[in-house]
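The values are calculated or read from the model by the stated rules, or taken from the named source; none is laboratory data. Because the structure is predicted, anything quoted here is derived from the model rather than measured. All Cβ positions, even for glycine, are placed from backbone atoms using ideal geometry, and neighbour counts span all protein chains on display. Accessible surface is based on the protein model in full, side chains and every heavy atom, while ligands, DNA and RNA are left aside. Shrake-Rupley method; radii C 1.70, N 1.55, O 1.52, S 1.80 Å.
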Amino acid sequence: MPTYKAPVKDTLFVLNEVLGFDRYNNLPGFADASPDVLEAILDEAAKLAENVMQPLNRVGDMLGCVRQDDASVTTPKGFREAFDQYREGGWMGLAVPAEFGGQGLPYCVHTAVGEYMVAANMALMMYPGLTQGAIAAIVEHGSEAQKQAYLPKMVEGAWTGTMNLTEPHCGTDLGLLRTKAVPQADGSYKISGQKIFISAGEHDMAENIIHLVLARIEGAPQGVKGISLFIVPKFILDADGKPGKRNGVACGSIEEKMGIHGNSTCVMNYDEATGWLIGGENAGLKAMFVMMNEARLGVGLQGLGVGDAAYQSAVAYARERLQGRSLSGPKAADKPADPIVVHPDIRRSLMTMKAFNEAGRAFALWTALRSDIAHRSGDDKDREAADDMLGLMTPIVKGVLTDKGFEHAVMAQQVFGGHGYIEEHGMSQFVRDARIAMIYEGANGIQALDLVGRKLAMNGGRAIQAFFKEVGSFCEENRGDEKLASFTKALKKGLNDLQAATMWLMQNAVAKPDNAGAASTDYLHLFGLVALGYMWGQMVKAAEAKLAAGAEDAAFYQTKLVTGRFFMERVMPETAMRLARISTGADTMMALDAEAF
Ligand SMILES: Cc1cc2nc3c(=O)[nH]c(=O)nc-3n(C[C@H](O)[C@H](O)[C@H](O)COP(=O)(O)OP(=O)(O)OC[C@H]3O[C@@H](n4cnc5c(N)ncnc54)[C@H](O)[C@@H]3O)c2cc1C
């Protein structure tokens, strides 16, 4: 059975020593997370994740959710009590502004905590996760009355939220959306239509469920220009603001799916349900994007978290499982065989996962810090630069961390040999759970297109130029430091490949857009490699500084140096392969007729 240990020390290393958390004390909320408080928060989160959430992970997988005859949905045994502990601990509102009942702490603290929680129990954490996205959308686009009516209860966790985009004929292409909204004399709308695959659409853990629903107002333009966003509560609020009359929305069925069995994935039927517009008429996508961007970072964390939990199980197994002898002579001569951790091929897997997870964690926190600066800085230029970077990195966090999360869950399963294929060990669940993160919140192919088609060119390429400059300057500034030279050299090589790929796209994709589409997934991963390599550059620099200052825990920092070197030697060279693929263009990819497949 898997166990999970939240990587608190590692998170603190990234926040304090790599990102220089205390340098941001001038931003609202940061001073409240002094080093001691930060550590205490992470320790508490670790306890909740390890002792409450994780033991329910397999329970949720086995029991799943059940739709009852009255259209209610029962969640797995123990989920409700665990969720009670989560909301009573105030975790839901960790980074929500105090004026709405939150604690106003930095988003990067929320991100650190979020990683532990999803690693421990991804399916359970989707209930609060979707709620946090809904809160963000209401904070940014809701009217004052809507904020007052919904936010306090959602921040408290008494009510949860959902996100309703998908319809049977309409997933990626939201322009096809048919759910309709008919204006009423009192300013409300009657919403009718069917939404499918709605996570946490119906369940037994909250007094009310606040659905955010995309629909088309009668007479609105076709396509994405005619979509609006509505708040549709399961129970309409009465005069006192309490859940009152049942609204015309119900769960038609729940999906039998591959993983995340503990989360209810619902078909939601809207039958003249009462809804209220949020954001302007026909401005629904803009408002929903607030929720989707927040959710994309959260889904990236799911990839990282589940991948890390699977890695931890693989490490424990590799230390215990005795098979064969080390190529360099027995290491456990008193035993009938050596533990498989001695074998280089097992090491290849463990090191690949370790090197990725540590850089992935730094990348998620670095990106979350951009979000904090973008939302909290008083300096217009800082805010703009951080917002640019956040936009650029969101598809990379989502696409790269989830593709790798799944790949590493499979890699960790392989360490178990045949035992990894047997449910009892829990590795199968990691693989099944991690798989969905590559698909929802915009399939990863769409993340890659968002990066290549939209984010690169945004504001005349301002964000990507800033990234090139930042990484290039890091390499230049540290080139002369002999301890860092091999790292900066490898990083610079990766950066050159990324710049060459970007140039290739500029020269070849405008006249022939298929070249952009054909390059997009390779480009996303090439970008991810450079971003992760940059994280390793900074982590190694911080570790070297600690060692030079005579840090007590030298072994921790030495391990960082070795792991960083592994990343640069064994993972970074993939940038050349990605560039080579990109530069071949779309010709062979598009040459065959559809019938030839
Ligand atoms: C378990 C689960 C939970 C979910 N939760 C929610 C939820 O809470 N709320 C919600 O609204 N939805 C939810 N979804 C829906 C999910 O977001 C969609 O399934 C996803 O966005 C893809 O849409 P689709 O399934 O219709 O695939 P399609 O849009 O039909 O895409 C099929 C394939 O074609 C590719 N593709 C499509 N268009 C293009 C293009 N223009 N260029 C290149 N490739 C393209 C896609 O990348 C994909 O690989 C959930 C789905 C699942 C399975």
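Assorted remarks:
- Of the accessible area of region 175-232, computed with a 1.4 Å probe over protein heavy atoms only, carbon and sulfur atoms account for 53 percent.
- For the chain, the Cα gyration tensor yields ellipsoid semi-axes of 39, 29, 25 Å (square root of five times each eigenvalue, largest first, whole Å).
- For the pair Lys335 and Arg319 in one chain, pulling the backbone fully straight at 0.36 nm per residue adds 4.5 nm over the alpha carbon distance.
- Entry note: region 443-575 has Rg to Rh equal to 1.06, where both radii use alpha-carbon atoms and Rh is the Kirkwood radius.
- Built amide H within the under 5 Å cut-off of Ser253, gap 5+: Val267
- With both labels modelled 7 Å from their Cα along Cα-to-Cβ, the Glu272 to Asp481 distance reads 6.9 nm.
- Of the residues Leu498, Gln447, Ala554, the one whose Cα sits farthest towards the positive end of the charge dipole of region 442-597 is Ala554 (charges of +1 on Lys and Arg Cβ, -1 on Asp and Glu Cβ, taken about the Cα centre).
- DSSP-loop GluC sites (Glu not before Pro) across region 154-234, with at most 14 other Cβ within 10 angstrom: Glu207, Glu218
- Helix runs (DSSP H) in the chain reaching 15 Å along axis by Cα, Kyte-Doolittle at least 0.5: 107-120, 122-141
- Between Ala545 and Lys225, the simple spin-label model (points 7 angstrom out along Cα→Cβ) gives 5.1 nm.
- Lys, Arg +1 and Asp, Glu -1 on Cβ, resulting dipole of the chain about Cα centre, debye, nearest 20: 1140 debye
- Charge dipole (debye, nearest 20) of region 276-361; +1 at Cβ of Lys and Arg, -1 at Cβ of Asp and Glu: 340 debye
- Eligible aspartates and glutamates near Lys147 by straight Cα distance, threshold 13 Å, same-chain separation 8 or greater: Glu99
- Note on region 83-137: with neighbouring protein chains present and a 1.4 Å probe, carbon and sulfur make up 51 percent of its accessible heavy-atom surface.
- Note, ³J(HN,Hα) from phi for region 325-342, Karplus 6.51, -1.76, 1.60, rounded to Hz, x at Gly and Pro: 10, 4, 4, 9, x, x, 10, 10, 4, 7, 10, x, 7, 8, x, 5, 5, 6
- Peptides 354-364, 62-72 ordered by packing proxy, namely the average of other Cβ atoms within 10 Å per residue, highest first: 354-364, 62-72.
- Pairwise FRET efficiency - Lys242 versus Leu561, Cβ, R0 = 41 Å, nearest 0.05: 0.10
- Of the cross-linked pairs Lys195/Lys455; Lys286/Lys455; Lys9/Lys493; Lys381/Lys469; Lys190/Lys245; Lys398/Lys541, those separated by over 21 Å at the C-alpha level are Lys195/Lys455; Lys9/Lys493; Lys398/Lys541.
- Accessible carbon and sulfur surface of region 452-597 relative to its total accessible area, %, 1.4 Å: 55 percent
- The residues of region 543-582 expose on average 52 square angstrom of accessible surface per residue, using a 1.4 Å probe on protein heavy atoms.
- Spin-label model distance (nm) - Asp84 vs Arg454, 7 Å beyond Cα toward Cβ: 4.2 nm
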